[in-house]
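The values are calculated or read from the model by the stated rules, or taken from the named source; none is laboratory data. Note that the structure is a prediction, hence the values are computed from the model and not measured. Quick reminder, even Gly has a Cβ in these numbers, built from the backbone with ideal geometry, and neighbours come from all protein chains shown.
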Amino acid sequence: MGSYKTKKIMTGHYKTFYCEGGEENLETIIFLHGSGPGATSETNWRNILPELTDSYHVIAPDMYGFGSTDHPENPPKSFWEWTNCRVEQVLALMDNLKIDKAKLVGNSMGGYVSLNLVMSAPERFEKVLLMGSAGGEVSPTPEIGRMIGFYRNPTHSALENLTKWFVYDEKSLGEELETVLRERFDMVMRPEIRRSYLSNMFPMAPGENIIPPSALRRMDQPFLLLHGFEDRFVPKESSLSLLQHLPNAQLNLYKSCGHWIQIEKRDSFLKVLNQFFTED
């Protein structure tokens, strides 16, 4: 198994924190994390990246507004503005690392950003794997409501509940549960994280979190959609909606699985990722 290092690089007027490994490999995969309280690239991907560095150049940034990437003192005022900033962030990261084309893996909000990247710069992305992705037409759940309103009651207990709800069975997290809780709780207690999160996580204009079907049907890249059947944060209907409009897509549904396929179904996730990115 390989390894990765954490680094910082200028992306526009601020520094982006990112994980990187397998720099000697020709093909690049960029991993984009989701938007739960305290979310970071490492808590999302640290058990996945080392498995791929023998074959791929892997990169996983802390998205603008999260983690150890620099936070704005005057944050954007809408989810759409944040999304535009994240699209610019990823493209700047690619430019500064001299990456002309890449493959994308997007989880939840990271899937939504991935779709916006393909919309903005289609020539730079070869294949896209979306996991529990936002962007489809779906109604919000009570669980997503609790996540959005986390800072109304930012306790360790509230974060523990959210973290358990991300998976179908918290036993799948094993000892990782306490590690993730500790790291994420430390993160959400930082004032700059709170400021960005409260600006980032709504209120949202109607339809702002949906990718227009007119855009989806113009995305010619091969897409692989993965979704946990019991996902309560982004229900499977989001991927079914995307599948309806993307012209070159396939969908895998996982029973007994919630929002974190990369943890709950890790071996299968790695297998289908490798198959998808290596096949013609």
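Of all residues in the stretch 129-143, how many are crowded, with 24+ Cβ neighbours inside 10 Å and farther than 14 Å from H227 by Cα?
Going through the stretch 129-143 one residue at a time, the tally reaches 0.
Filter the stretch 10-52 for residues that are closer than 23 Å to R194 by Cα, over 16 Å from the mean Cα position of the chain (by Cα) and either hydrophobic (A, V, I, L, M, F, W, C) or part of a loop (DSSP other than H, G, I, E, B) (or both) and give the result.
M10, G12, H13 - these are the residues of the stretch 10-52 that are closer than 23 Å to R194 by Cα, over 16 Å from the mean Cα position of the chain (by Cα) and either hydrophobic (A, V, I, L, M, F, W, C) or part of a loop (DSSP other than H, G, I, E, B) (or both).
If a residue has to be among the aromatic types (F, W, Y) and in contact with a helix residue (DSSP H, G or I) (Cβ under 6 Å, 6 or more places away or on another chain) to count, how many in the stretch 109-135 make the cut?
The total comes to 1.
Please count how many residues of the stretch 201-229 are at pLDDT 95 or above and small (G, A, S).
Looking only at that region, the number is 3.
Residues that are farther than 25 Å from L117 by Cα and aliphatic (A, V, I, L, M): find the helices (runs of 4 or more DSSP H) completely inside the stretch 153-263 holding 2 or more of those.
The helices (runs of 4 or more DSSP H) meeting that bar are 156-165, 176-188.
Kindly evaluate E176 against the criterion of being surrounded by 13 or more Cβ atoms within 10 Å (Cβ to Cβ) and at pLDDT 95 or above.
So E176 fails the test.
Does the stretch 53-97 hold any residues that are closer than 24 Å to F276 by Cα and outside any helix (DSSP H, G or I), and which are they?
Scanning the stretch 53-97 gives T53, D54, S55, Y56, H57, V58, I59, A60, P61.
Given the conditions (1) of a type in the set (K, R); (2) buried (at least 16 other Cβ atoms within 10 Å of the Cβ); (3) farther than 18 Å from G110 by Cβ, report the number of the one that K271 does not fulfil.
The one condition K271 does not meet is (2).
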